[in-house]
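Heads up, the thing below is written out as structure tokens.
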Amino acid sequence: MKVTKAVIPAAGLGTRMLPATKTVPKEMLPLVDKPVIQYIIEEAVESGIEDILIVTNRAKSAMDDYFDYTPELEDRLSAAGKTEELEAVRRTADIANIFYVRQKETRGLGHAVWRAKRFVGDEPFAVLLGDDVMMAETPVTKQLIDAAERYGASAVGTQKVLPEAISKYSSLKVAPLDGRIFRVEDMNEKPTPEEKFSDYAILGRYVLTREIFDILENTPPGHGGEIQLTDGLKTLCKLVPMVAVDFEGRRYDTGNLKGFLEATIDFALRNDEVGAWLREFIEEKARG
């Protein structure tokens with residue numbers, strides 16, 4: 001079971017980040033010195049992914065342009081002797097084999113993943129949500145791929161969340177398997193405290209097998225009137241093995257302002273160019 005393809009659903013409207021996302025895709029908002037989606041693509045590449053499909057909509061052509069060559073800009077940088085900047089610009093175009101498909105209607109995450117059916121074919125594939133940026137020593141997607149290959153199973157990324165927060169996520173019913181890896185027995189989407197299976201939530205990373213496409217094609221609209229990926233996974237885990245990986249690392253939901261600011265500060269503090277300056281700046285502000 002070798003995973004070399006990934007799907008990044010990035011067709012959401014970005015309503016939690018308005019008005020900034022009225023004309024700029026939320027995935028293209030700058031996180032320190034790179035757009036959010038570049039971190040996600042880099043994670044996929046560092047996990048051994050070779051081909052990436054981004055599911056977009058009609059308002060997100062900026063992503064297509066960003067991961068393309070820009071001859072005029074590159075010529076200017078070359079003529080000015082700005083070698084480092086030129087290399088950085090070219091690197092974004094050469095980072096991976098990137099493909100695009102549009103989700104022509106806003107019908108939910110499950111429908112967005114289903115749009116990748118022809119791209120994926122019969123292979124297992126990773127799904128990385130376009131809002132969720134991870135900070136980890138070993139890429140979170142790699143942690144899931146290793147578990148999926150070890151057990152010949154689908155895999156979902158999970159961590160415990162606060163009991164009062166589980167209603168924002170998908171709650172997992174799990175059984176111990178090996179250390180940080182669990183067997184998935186069931187799940188439900190945005191449960192009430194009485195409905196939840198546990199405080200283990202699915203957080204933005206998946207490794208799935210081809211069976212998910214037939215399931216999603218026949219999954220009726222669920223929570224919010226949309227086709228929910230969780231509803232498809234609920235069926236999938238009853239048909240084929242599925243594991244949950246309590247991944248090592250921190251997840252940032254950059255689709256909301258607080259999560260975006262948390263990610264900006266943490267990633268900036270680790271940045272060689274501005275990290276030391278920012279730490280002094282924050283300490284000065286705290287004293288003042």
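The values are calculated or read from the model by the stated rules, or taken from the named source; none is laboratory data. Note that the coordinates shown come from a computational prediction; the quantities given were computed from them, not determined experimentally. Note that we place each Cβ from the backbone using ideal geometry, even for glycine, and neighbour counts take in every protein chain shown.
Structure data summary
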quantity: Count - residues of the stretch 247-288 that are without any contact (Cβ under 8 Å) to a residue 24 or more places away in the chain and aliphatic (A, V, I, L, M); calculated: 7
quantity: Qualifying residue in the stretch 239-259 (condition: assigned to a strand (DSSP E or B), of a type in the set (Lys, Arg) and at pLDDT 95 or above); calculated: yes
quantity: Count - residues of the stretch 210-228 that are in contact with a strand residue (DSSP E or B) (Cβ under 8 Å, 6 or more places away or on another chain) and either over 24 Å from PRO124 (Cβ atoms) or basic (Lys, Arg) (or both); calculated: 2
quantity: Among (1) surrounded by 13 or more Cβ atoms within 10 Å (Cβ to Cβ); (2) at pLDDT below 95, the one test that GLN143 misses; calculated: (2)
quantity: Contacts under 9 angstrom Cβ, first residue in the stretch 201-223 being touching a residue at least 60 places away in the same chain (Cβ under 8 Å), partner in a strand (DSSP E or B) and basic (Lys, Arg), 6 or more apart; calculated: LEU203/ARG251; GLY204/ARG251; ARG205/ARG251
quantity: Unique residue being within 20 Å of ALA44 (Cα to Cα) and either modelled with pLDDT under 95 or buried (at least 17 other Cβ atoms within 10 Å of the Cβ) (or both) when the list is ALA201, ALA148, ALA136; calculated: ALA148
quantity: Only listed residue being crowded, with 21+ Cβ neighbours inside 10 Å and closer than 13 Å to TYR100 by Cα, chosen from ILE40, ILE54; calculated: ILE54
quantity: Which listed residue, of ILE41, ILE54, is within 16 Å of the chain's Cα centre (by Cα), in a strand (DSSP E or B) and not hydroxyl-bearing (Ser, Thr, Tyr); calculated: ILE54
quantity: Any hit, the stretch 167-182, residues being of a type in the set (A, V, I, L, M, F, W, C), buried (at least 24 other Cβ atoms within 10 Å of the Cβ) and over 25 Å from ASP266 (Cα atoms); calculated: yes
quantity: Residue count, the stretch 9-38 (criterion: in contact with a Gly (Cβ under 7 Å, 6 or more places away or on another chain), touching a residue at least 60 places away in the same chain (Cβ under 8 Å) and not in a loop (DSSP other than H, G, I, E, B)); calculated: 6
quantity: Residue tally, condition over 21 Å from ILE41 (Cβ atoms) and modelled with pLDDT of 95 or more, over the stretch 84-109; calculated: 0
quantity: Residues located in the stretch 151-161, provided they are within 25 Å of GLY14 (Cα to Cα) and surrounded by fewer than 24 Cβ atoms within 10 Å (Cβ to Cβ); calculated: GLN159, VAL161
quantity: Residue that is surrounded by the fewest Cβ atoms within 10 Å (Cβ to Cβ), among those in the stretch 57-87 that are charged (D, E, K, R) and touching a strand residue (DSSP E or B) at 6+ places or on another chain (Cβ under 8 Å); calculated: ARG58
quantity: Within the stretch 263-275, considering residues that are assigned to a helix (DSSP H, G or I) and touching a Leu at 6+ places or on another chain (Cβ under 9 Å), the one surrounded by the fewest Cβ atoms within 10 Å (Cβ to Cβ); calculated: ILE265
quantity: Residue selected from the stretch 185-207 under the condition part of a strand (DSSP E or B) and over 14 Å from the mean Cα position of the chain (by Cα), by the criterion nearest to TYR252 (Cα to Cα); calculated: ALA201
